[in-house]
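Data block below; observations after.
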Number of protein chains: 6
Amino acid sequence: MAGTWLPTLLTDTPQDGYALAVKLARVAVKMTQADPTIREDLRTVYEKDAGALIAVSSVVATHFQTVAAANNYWRDR
Amino acid sequence: MAGTWLPTLLTDTPQDGYALAVKLARVAVKMTQADPTIREDLRTVYEKDAGALIAVSSVVATHFQTVAAANNYWRDR
Amino acid sequence: MAGTWLPTLLTDTPQDGYALAVKLARVAVKMTQADPTIREDLRTVYEKDAGALIAVSSVVATHFQTVAAANNYWRDR
Amino acid sequence: MAGTWLPTLLTDTPQDGYALAVKLARVAVKMTQADPTIREDLRTVYEKDAGALIAVSSVVATHFQTVAAANNYWRDR
Amino acid sequence: MAGTWLPTLLTDTPQDGYALAVKLARVAVKMTQADPTIREDLRTVYEKDAGALIAVSSVVATHFQTVAAANNYWRDR
Amino acid sequence: MAGTWLPTLLTDTPQDGYALAVKLARVAVKMTQADPTIREDLRTVYEKDAGALIAVSSVVATHFQTVAAANNYWRDR
């Protein structure tokens with residue numbers, strides 16, 4: 001993860017915030033398994049595993065909480 | 001997930017907020033497994049798996065926290 | 001889940017709030033598995049599975065956080 | 001769970017708050033599996049299962065967050 | 001867990017707060033499995049189980065949230 | 001974990017905060033399994049296990065919530 005990949009938690013819309021949460025969930029996986037070939041192999045497995053997909057969704061939910069709070073829930077838009 | 005699917009976290013009622021939380025839980029699955037046929041196959045499995053159903057409920061609970069906070073818990077209604 | 005089942009997050013007592021959290025945990029399961037017969041079958045399995053019971057308790061805990069915050073922790077009672 | 005078992009989230013000390021969190025984690029199990037004999041059987045299993053013990057600890061942690069917030073983290077004691 | 005083991009959530013440093021979070025995660029296990037011999041047996045298993053170690057880390061993370069909030073994130077130090 | 005490894009939760013950027021969250025997730029594992037050889041063995045297993053990688057990501061997400069809140073979500077940068 002060289003370079004700047006997370007300059008801010010602020011986004012224009014809730015939907016952009018959700019996309020950021022998905023990104024935040026993926027980065028930790030990349031940092032733990034740096035080899036893109038292995039990650040691709042794992043992906044072919046877990047994208048057909050309901051439990052894994054729900055677990056990914058859970059991580060996204062936690063990050064979305066953070067991003068939503070950072071943006072004051074986009075209340076003032 | 002083309003187009004706008006999450007314009008706001010604000011809802012009229014707690015019940016609408018809960019429905020939004022369910023939606024938020026499902027979108028991460030769609031973004032990870034884009035193929036609707038595979039998702040449908042997975043669904044026939046996990047909808048009969050108590051552990052998976054409870055895990056889905058857990059993701060909904062996390063998102064409902066976010067939506068409820070965004071709406072100031074609908075206290076002022 | 002036709003009709004209004006969640007008019008408010010406010011409850012008179014912490015104990016009522018806990019009961020609401022239990023309800024919130026169950027509704028997501030109902031929304032994912034709409035068939036009551038299948039749910040009843042699953043119940044006979046998971047109510048004898050320690051892991052599943054603890055997982056249910058975890059979902060209740062997350063919802064109770066939300067309900068407790070909504071009620072300002074019933075501090076002013 | 002007849003009668004009042006949760007009159008308040010307020011406790012005198014953090015330690016009492018932790019004990020309340022343990023209780024809150026257990027009640028959801030009781031509400032899902034009402035039969036004390038079956039619960040006792042399950043207990044003999046999960047109390048020797050590291051994964052189950054860690055999962056119980058996780059539920060306690062979530063409830064302790066709630067109780068600690070309710071008590072303003074016992075800062076003013 | 002006789003005697004006072006949790007007099008306060010306040011710590012001098014974030015690092016001390018993290019140590020307290022580790023302690024809070026362990027106490028729930030002790031309260032559920034009171035026999036130190038069985039706990040020692042379980043430990044020899046789970047300390048070589050990646051999934052269990054990650055699960056322990058998850059419980060610590062939840063408690064650290066609580067302790068950090070209690071200490072106002074040690075911002076004023 | 002001798003010496004000071006967590007002097008503060010404050011970081012200059014969200015990205016630095018994320019790196020700190022990854023560190024916080026790893027420390028609990030180190031504290032539970034102190035032997036670096038065993039940890040290395042475990043790593044070769046879990047870094048090829050999608051479920052374990054997602055679980056690590058979940059722990060990072062919880063710690064990132066804490067670090068982000070500590071930094072007031074880096075809103076004032």
Note to self: Being within 12 Å of chain B (Cβ to nearest Cβ), in contact (Cβ under 8 Å) with a residue 24 or more places away in the chain and more than 18 Å from F:Ala68 (Cα to Cα): is that true of A:Thr13 here?
What the structure shows: yes
Checklist line | Where B:Ala68 falls short, out of the listed (1) crowded, with 18+ Cβ neighbours inside 10 Å; (2) on the phi > 0 side of the Ramachandran plot; (3) small (Gly, Ala, Ser) | finding: (2)
Check: Among the residues of segment E:16-59 satisfying the criterion of being outside any helix (DSSP H, G or I) and within 12 Å of chain F (Cβ to nearest Cβ), which is surrounded by the most Cβ atoms within 10 Å (Cβ to Cβ)?
Finding: E:Glu47
Notebook entry, point to check: Going by the structure shown, is A:Ala25 among the small types (Gly, Ala, Ser), in contact with a helix residue (DSSP H, G or I) (Cβ under 7 Å, 6 or more places away or on another chain), at pLDDT 95 or above and more than 23 Å from F:Lys48 (Cβ to Cβ)?
Noted result: no
Notebook entry, point to check: Given the structure, is F:Val67 within 15 Å of the chain's Cα centre (by Cα), in contact (Cβ under 8 Å) with a residue 24 or more places away in the chain, more than 7 Å from chain E (Cβ to nearest Cβ) and more than 25 Å from A:Arg39 (Cα to Cα)?
Noted result: yes
Notebook entry, point to check: Taking F:Ala2 and the conditions (1) facing chain E (nearest Cβ under 9 Å); (2) outside any helix (DSSP H, G or I); (3) modelled with pLDDT under 95, which numbered condition does it fall short on, given that it satisfies the others?
Noted result: (1)
Next item on the list: Please specify each residue of segment B:22-59 satisfying the condition of being charged (D, E, K, R) and touching a residue at least 24 places away in the same chain (Cβ under 8 Å).
Entry: B:Lys30
Check: Within segment D:58-70, which residues are within 9 Å of E:Thr62 (Cβ to Cβ) and not β-branched (Val, Ile, Thr)?
Finding: D:Ser58, D:Ala61, D:Phe64, D:Gln65
Check: Does segment D:1-15 hold any residues that are farther than 20 Å from C:Ala25 by Cβ and surrounded by 13 or more Cβ atoms within 10 Å (Cβ to Cβ), and which are they?
Finding: D:Thr8, D:Leu10, D:Thr11, D:Thr13, D:Pro14, D:Gln15
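The values are calculated or read from the model by the stated rules, or taken from the named source; none is laboratory data. What you see is a predicted model, and the numbers here were worked out from it, not measured in a lab. All Cβ positions, even for glycine, are placed from backbone atoms using ideal geometry, and neighbour counts span all protein chains on display.
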